[in-house]
Amino acid sequence: MANIVHVKGTGTIGEPLIGLFDNNSEAFGIDEITFHKRTPLLDERGKVSDLIRRGASLAVDEDRWAEFEAMGITPKFKADEAIDRASVVIDCTPAGNTNKERYYEQSLEPLGFLAQGSEFGFGKPYARGINDSALVQGEDRFIHIVSCNTHNISSLVKTLAMDLDGTSHLVDGRFLCMRRANDISQDGSFVPSPTVGIHDDERFGTHHARDAHHLFSTLGYDLPVWSSSIKIPTQYMHSIWFSLTLDRDMTRDEAIDRLQANTRVALTYKKSANQVFSFGRDHGFYGRILSQTVIPIETLAVRNGNELVGFCFTPQDGNALLSSLTATLWYLHPGGFEERIDVVRPYLFQEL
């Protein structure tokens, strides 16, 4: 049977994901890429036309078909048809849980369904390099790709607070997520001044730590983590202040050695988001590097012998793109797929 990947949504994750599959379909063993666009918009006609030109096929809601044709774009599939004929469906909209209940649970043909960061509860939480061993073939038909900040937090914990054998030394993990107001592709939701978030979870603070906890719980951990968030008036990228208190001492040199040994972590001497963002624009895929986190090495400090403190940047959805790709290949090639990812390894930087 043909390997068909269907992406629902063409926003900040959907569009580069479609491009990622289009550009590397042969290496990934993918025969066809389809994508769903909900609303026919003139200012997005160029984007849709280019995705089609590059090889992807457009699916639309039946009641919008004529509107797309009037705009000069002829769809190839109806929305429900594209879902039913797909091997893997990747929902990149903020309505993944709604779509699961409305469409996906009734569609028996696809091997699996993925939803992105905001869709907590969609399925088993997943981040590449964190809980790969927790995925079970034939059981995990619905997977929740955790948010980019949750990827970042989880990578910090696994790299700095856990040994290679899985032993956790984390006593307390605290994270302040300084979130960009919106993406450079978006006009709405910008904030004119720093705007603080609320602690709506008694145990975890915000959903970032909660989601990291649930991610590690698939491996049997019960992590003591807490997060806060503040939205700041920038469009570049998220940044995080972190504090990891361990049950053992760790020198700064040992911490740096751990970071350098992790291929998912990028180190840098850059200290501003615009410099890191610019590097991604110039050297990344669709402007994104695929590393889990970017740590300005000079900000890393050790307090009282056992508390690791520092800052890091969250790549612009790049980590979620890599996890979405990995989960898709896990469905399509259960016998092994790691060598297929080699084509995107140039975007996993270890130094910026």
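Does the range 43-55 contain at least one residue that is of a type outside the set (Lys, Arg) and either outside the structural domain of Glu119 (by TED's automatic domain parsing) or in contact (Cβ under 8 Å) with a residue 60 or more places away in the chain (or both)?
Scanning the range 43-55, I find no residue that is of a type outside the set (Lys, Arg) and either outside the structural domain of Glu119 (by TED's automatic domain parsing) or in contact (Cβ under 8 Å) with a residue 60 or more places away in the chain (or both), so the answer is no.
Between a first residue in the range 66-78 that is on the phi < 0 side of the Ramachandran plot and a second residue that is surrounded by 13 or more Cβ atoms within 10 Å (Cβ to Cβ) and among the hydroxyl-bearing types (Ser, Thr, Tyr), which pairs have beta carbons less than 8 Å apart while being 6 or more apart in sequence or on different chains?
Listed by first residue and then by second, the contacts come to Ile73/Ser49; Lys76/Thr34; Lys76/Ser57; Phe77/Thr34; Phe77/Ser57.
Give me the pairs: first residue in the range 230-248 and in contact (Cβ under 8 Å) with a residue 24 or more places away in the chain and under 16 Å from Lys158 (Cα atoms), second residue surrounded by fewer than 20 Cβ atoms within 10 Å (Cβ to Cβ) and among the hydroxyl-bearing types (Ser, Thr, Tyr), beta-carbon distance under 9 Å, and six or more apart or on different chains, which are they?
Asp247/Ser168
Among Ser193, Ser155, Ser133, Ser147, which is among the hydroxyl-bearing types (Ser, Thr, Tyr) and more than 25 Å from Gln350 (Cα to Cα)?
Checking each option against the conditions leaves just Ser193.
Of everything in the range 11-58, what is part of a loop (DSSP other than H, G, I, E, B), crowded, with 16+ Cβ neighbours inside 10 Å and at pLDDT 95 or above? Give them in sequence order.
Once the filter is applied, which keeps residues that are part of a loop (DSSP other than H, G, I, E, B), crowded, with 16+ Cβ neighbours inside 10 Å and at pLDDT 95 or above, the range 11-58 yields Asn24, Ile30, Lys37, Ala56.
Taking Asp172 and the conditions (1) modelled with pLDDT of 95 or more; (2) under 23 Å from the mean Cα position of the chain (by Cα); (3) not in a loop (DSSP other than H, G, I, E, B), which numbered condition does it fall short on, given that it satisfies the others?
The one condition Asp172 does not meet is (2).
Just to confirm my filter: which strands (runs of 3 or more DSSP E) fall fully inside the range 220-270 and include at least 2 residues that are polar (S, T, N, Q)?
The qualifying strands (runs of 3 or more DSSP E) are 225-232, 238-246.
The values are calculated or read from the model by the stated rules, or taken from the named source; none is laboratory data. As the structure is a computational prediction, the values presented were derived from the model and not from experiment. FYI the Cβ positions are ideal-geometry reconstructions off the backbone, even for glycines, and counts take in every protein chain you see.
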